[in-house]
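Have a look at the structure below, then the notes.
The values are calculated or read from the model by the stated rules, or taken from the named source; none is laboratory data. Everything numeric here is computed off the predicted structure, so don't read it as measured data. Every residue, glycine among them, receives a Cβ derived from its backbone with ideal geometry; neighbour counts consider all protein chains shown.
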Amino acid sequence: MKNSVSVLIIASLMVAVFSVQTSVGQSCQKPSFAIKGKYEANCAQKMISFSSFQYCSLCPTKISEDKKSISFPSFIMDFGEGEMEITMNDVVTPVSFTTGKKFNYLKFEFNKKKYKFKLYHGDGNVDFILKAKTGNLITLKKVE
């Protein structure tokens, strides 16, 4: 009788440990999500020093009339199945793209330049974050 109670307790503990490991493993996996629809893209500037910064070459720039400041107007990225449209300065350009099997990166060519971004899910203020190898960031916020 004592042996069967011990076996039952050990079996119960094993099931409990397995259940906890399974649920923790599932909650820590990278989410698999698809990016579809129209997004407003905004470029973050990476501070290099007090007086200099870096930004992604994909980002449009606007120099002030007095040539003392630069701004980065937002642009539109509209994603479909394997193709997107990038709209900058009212010019729409169709672009093919690929993603990783787990949708962990976005790779495409635009204006004869190749881009590859790691893809992160946002926190509510933005829907997605694109991160270039250089560390430059582009945030995407759904507009429709």
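Quick notes on this one:
- Evaluated against (1) modelled with pLDDT of 95 or more; (2) touching a Pro at 6+ places or on another chain (Cβ under 8 Å); (3) of a type outside the set (S, T, N, Q), Glu83 falls short on exactly one condition, (1).
- Filtered residues of segment 50-101 (kept if surrounded by fewer than 10 Cβ atoms within 10 Å (Cβ to Cβ) and β-branched (Val, Ile, Thr)): Val91
- Considering residues of segment 108-144 that are of a type in the set (A, V, I, L, M) and assigned to a strand (DSSP E or B) only, the residue nearest to Lys46 (Cα to Cα): Leu137
- Every pair of residues 6+ apart whose Cβ atoms lie under 9 Å, when the first sits in segment 44-70 and is outside any loop (DSSP other than H, G, I, E, B) while the second is charged (D, E, K, R) and loosely packed, with under 14 Cβ neighbours inside 10 Å: Ile70/Lys62
- Set side by side, the residues Met84, Met77 differ, and just one is in the same structural domain as Ile138 (by TED's automatic domain parsing), closer than 16 Å to Lys36 by Cβ, of a type outside the set (Phe, Trp, Tyr) and touching a residue at least 60 places away in the same chain (Cβ under 8 Å), which is Met77.
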